[in-house]
1. What percentages, rounded to whole numbers, describe P(r) for the chain computed over all alpha carbon pairs with 5 Å bin width beginning at zero?
2. Quick one: length gained pulling Lys232 to Leu211 fully straight, 0.36 nm per residue minus the C-alpha distance?
3. What list of ³J(HN,Hα) couplings, whole Hz, do you get for region 231-236 from phi and the Karplus terms 6.51, -1.76, 1.60, once you set θ to phi - 60° and write x for glycine and proline?
4. Quick check: with the 1.4 Å probe, what order do Met1, Met183, Met20 take by accessible area, largest first?
5. What accessible surface, in Å², does a 1.4 Å probe find on Asp17, ignoring ligands, DNA and RNA and rounding to the nearest 10?
6. With each run of n ≥ 4 DSSP H residues scored as -39500 (n - 2.57), what mean residue ellipticity at 222 nm is computed for the chain after dividing by its residue count and rounding to the nearest 500 deg cm²/dmol?
7. Whole number in Å², please: accessible area per residue of the chain, 1.4 Å probe, ligands, DNA and RNA not counted.
8. Could you list which residues have their amide H under 5 Å from that of Glu182, counting only those 5 or more apart in sequence or on another chain, with H placed in the peptide plane?
Amino acid sequence: MAVKLIALDMDGTTLNDGHMVSDQNRAAIDEALRRNIVVTVCTGRSNTELAPIIAVLPEVRYFINGNGCKIYDKKMDKVILSEPLSFSAANTIYRIVREYPVMLEVYTDNQIYTSKSCYDHANKYVPAQFLQLILDTRTPLENLKALFRPDWQKLIYKINIFYNNVENFEAIRERCKDLPAEMTGSTEANLEFNSLTASKGRALSKLASILKIDASEVMAIGDGSNDISMLKYAGY
């Protein structure tokens, strides 16, 4: 069947090492749009991280972000899917992860928070090609504990950690494997936690349903473990 919807991962796939869309990829996207194929961004990025992507792809309407925890309709300027972490899952992840020397990030509706100490030493944790993006888009706090109090008013959509020690990574995965959270990653140096109901594949399925497009008419392109669900879902 003909392709009617293409879902593009960003970092490591559509964007080059300079976080730019190459001329070749731009031409392919433009050609798909010329053929009336819907092109959607499907990324682990969200919130302030997403702004540069929206800017370089002004013709794209739908943005699946945060590994599928949200679908943003740019034309209507509204979120058409929202899948935050439960408070109990987020709180448990925080209590486990804070025992390790990693950089913890908390994604809320409009901000990405990290501790000031990690922000000031982000180069110890973050791969060099992402360092400036992190510094430009994170909000440092003296203490992240405030985000995990029951009276915190903002939903937590994703928790991300950057680590520089594989043993820490394996220990955290083992301790969190039975929690009601989806664990994936977009690089070799990070681990991402989402709601069990949030994944790129589920969000892509939701968008396809809204657009009345069958899975056999969907193409997905990605390179990380957070892309597996949408690669399994898509016909191409």
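The values are calculated or read from the model by the stated rules, or taken from the named source; none is laboratory data. Predicted model, so just to flag it, every value in this text is computed and none were measured. Keep in mind that these areas ignore ligands, DNA and RNA; they rest on the heavy atoms of the full protein, side chains included. Shrake-Rupley method; radii C 1.70, N 1.55, O 1.52, S 1.80 Å.
1. 1, 6, 15, 19, 20, 17, 11, 7, 4, 1, 0
2. Working: separation 21, 0.36 × 21 = 7.56 nm, distance 1.93 nm.
Extending this stretch completely gives an extra 5.6 nm.
3. Using θ = phi - 60°, the values come out as 5, 5, 6, 6, x, 10 Hz.
4. From most accessible down to least: Met1, Met20, Met183.
5. Surface open to solvent at Asp17 totals about 140 Å².
6. On the way: 8 runs with 69 residues, N = 236.
Counting only the DSSP helices, I get -8000 deg cm²/dmol.
7. 48
8. Amide H neighbours of Glu182, under 5 Å, 5+ apart: Asn194, Ser195, Leu196.
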